[in-house]
C-alpha cells in the first residue's frame, strides 16, 4: 500500500575517480531543493545520495598513486561528502558501494538473477572506454572514439556474464506506455525508444575479469560484478532491501522511489537497465526518472582538457553558499543546458540578489525603524493597489507548488522573485518617504509597511527550500515565528511586533572589474587544449624556455589571497620569488626543501600585489595537482 505522506528522492551516486566539479555538485543542490520543499509540505522525506567506488578506472588511479583502492576511494568519498556538506544539502543517507551491506546484497542479487536464468556466461569482444566504463560497437563510435566522452577506446576480449535485457524489452515499452510521466523530460523517453529499444536491446555485460577492484562473483571469483548491477542497486540496498525478503524498515516504508534525479548522460542506464533489473527481481519500479540538463561553462561542457573546470568550493569562496545555490537552480532550464560564467554570476548576484532581494529587505526594515521605531502594525488603512500585491503573494504559493510538482525548479524560484519585484514596485507606488512626512498619513504608512513585511515573509518562507541560510536571515530580521507553508494560506499572518534594529546586508553589490581581476590573479590561467590538436612547435621554440632545478628555501601564504603561496626558490645562482596558485594542494611547510622545476626566463608579473619571478611546473588530473619535481639533480641544473 502506497503511503501518500512519504517521499523518497535520490541522486545518482558520484563516481570516486576524482573531485566533483560544479556541474556534478549541481545535482545535489537541485535534489536538496526538492527534498526541502517536500519536507516543508509535510512529507516524510528520505533523501539519499552517495558514491560509486568500484571499477577499472579507480584501480588504475590508485595504482598510479601507489595506494590501495580502498584508501583511494576513502579519500575521494570524503572529498565528495565535504563538497555536498559545504553546499548545505540535507541528505538523510550517504551510501557507498564499498559498504559491507551493499556488497553482500549485490552478491545475492547477482546469484538470484543467475539462478533464474536472467544472467548467463559468455565472452565479450568489443571496444571499451575505461573512463565511461562502457562497451561500444564500431558503428556507435564517433570519429573512432567513445561517443560519450570523446576519448580513445581499446579492443577488449574477455570472458563475461551477461544480463538478458532483450527478454524484458516488450514489458519495458508497455510500462512506458502505461506510465507516461515515468521519464522526464519526455524528450528523453523518445530518445531511449528510438535509439536503443527499437533497434533491438543487446544483452548487457555485467561482470569483468580484466581487473579485480570490484565485488567478487561468489560462485565464480575470478569475475567481479560490473558497474551496472553494483551501482544502480544502491537505490534499494541503501534502504535495506534484502534479496531473501527480510527487508529493512526503510525499504518497506519508502520504496518505490518517487524520483531518481540524474544527469541526462546516464538516462539510458536508469530508464532501461535499472527498470529491467527491478522487473527481474520482482521489485516495484520507481515512479519517475528525471534526467536533468548539464551546467555548461560558457558554451561548452566542463572538461579538464579545456581547462574550464569550476568547483563549488572556489565559487563559494568568492560568492557564498546561497548565491551559488541560487545561480545553479535559477539558471538551469527544465530540458536545455544552462550556462555558467564568472561574469554572468556576478550580474545575477548584483541584479537579483543584491538589488531585487537584498535591497528590498534592507530598506523595508530600515523604513520601519525610521518611522515606527521598528514596530509592525496592520492599521488596515487599505487602498485598491494593496489588493494586487496581496494577490501576487497568494498566487505565488500556488504557482511555486505547481512548478515543483513538475520538477521545474528554476521556474518556481522565478515565481518567488515575481513577488519581490512586485514589492519593489509597490514601494514606488506608495512612496513611504512621502507618507512619512506628515503624522496624518502614518496610519496609511503603517499598513503599507505591514503589507511589505508580510509579502517579504511569504517570499522568505517559499525561498527556504532553495536558499535556506538567506531565508532564515530574512525571517529572523522580520522577527516572525510564522515560517510554515501553512501560514501562507492567507495574507496577514505576520506575527512580528518589532523588526530588528539594524538589518543585515544579505548580498553586497560586486564590482565586476575588481572581482574579475582578483579571480584571474588567484586562479590558474584558462588555456584550452584540445586533444590531438595541440599546435606543433619547433626545437628552437622549445629551447627559448629555460627550465632549472630549484629548491624551495622558504614559503608562506600570500598576504591577500588564500589560494596563493609565495615561495623563495634557490635556482643556483640566485633566489627567485615565485607566486603559485597551489595552496589548496600544498601547505607552506610541505613546500620547504622540495626540489621543483622552475621556468626562469618568464617575464616577472605582479600577482595580487606580490611580484612573481618565474613559474613552477605542475601536472593536474581529475584527482589532484602535483608539482613536477626531481630528487638527485643539483640545484640550478638545466632541465631539457
* To do: Can you put 509, 422 in order of Cβ neighbours within 10 angstrom, beginning with the fewest?
  => 509, 422
* Asked: What is the P(r) of the chain, as percent of Cα-Cα pairs per 10 Å bin from 0?
  -> 3, 13, 21, 21, 18, 14, 7, 2, 0
* So how do 591, 367, 467 line up by other beta-carbon neighbours within 10 Å, fewest first? -> 367, 591, 467
* Asked: Say R0 is 56 Å: what FRET efficiency, to the nearest 0.05, do residue 385 and residue 519 get from their beta-carbon distance?
  -> 0.80
* Asked: Can you sort 551, 574 by how many other beta carbons sit within 10 Å, fewest first?
  -> 574, 551
* Cα centroids of the range 183-224 and the range 248-267: how far apart, whole angstrom? -> 18 Å
* Asked: Between rounded, prolate and oblate, where does the range 536-639 land on the alpha carbon gyration tensor, with a ≥ b ≥ c its root eigenvalues, rounded for a/c under 1.5, else prolate if a/b exceeds b/c?
  -> rounded
* Asked: So, in Å, what gap is there between the alpha-carbon centers of the range 578-640 and the range 55-122?
  -> 35 Å
* Place a label point 7 angstrom from the Cα of residue 370 along the Cα-to-Cβ direction, then list the residues of the range 490-508 whose backbone nitrogen is under 18 Å away. => 499-506
* Structure fact -> Protection proxy (average C-beta count within 10 Å per residue), highest first, orders 142-153, 320-331, 200-211 as 320-331, 200-211, 142-153
* Convex hull volume per residue for the range 147-268, taking Cα atoms only, in Å³ -> 161 Å³
* **Whole-number percent relative contact order across the chain, with pairs defined as alpha carbons under 8 Å at least 6 apart** => 12 percent
* Asked: For the pair residue 173 and residue 82, how long in nm is the line joining their label points, each one 7 Å along Cα→Cβ?
  -> 5.0 nm
* To do: Beta carbons within 10 angstrom, averaged per residue: use that to sort the peptides 175-184, 213-222, highest first.
  => 213-222, 175-184
* the chain - mean residue ellipticity at 222 nm from DSSP helices (-39,500 (n - 2.57) per run, n ≥ 4, rounded to 500) -> -11500 deg cm²/dmol
* Structure fact -> Taking only the Cα positions of the range 308-423, the convex hull volume per residue in Å³ is 135 Å³
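Values in this text are rule-based calculations from the coordinates and carry no lab data. Treat the numbers as computed from the prediction; the structure is a model and nothing was measured. Every residue, glycine among them, receives a Cβ derived from its backbone with ideal geometry; neighbour counts consider all protein chains shown.
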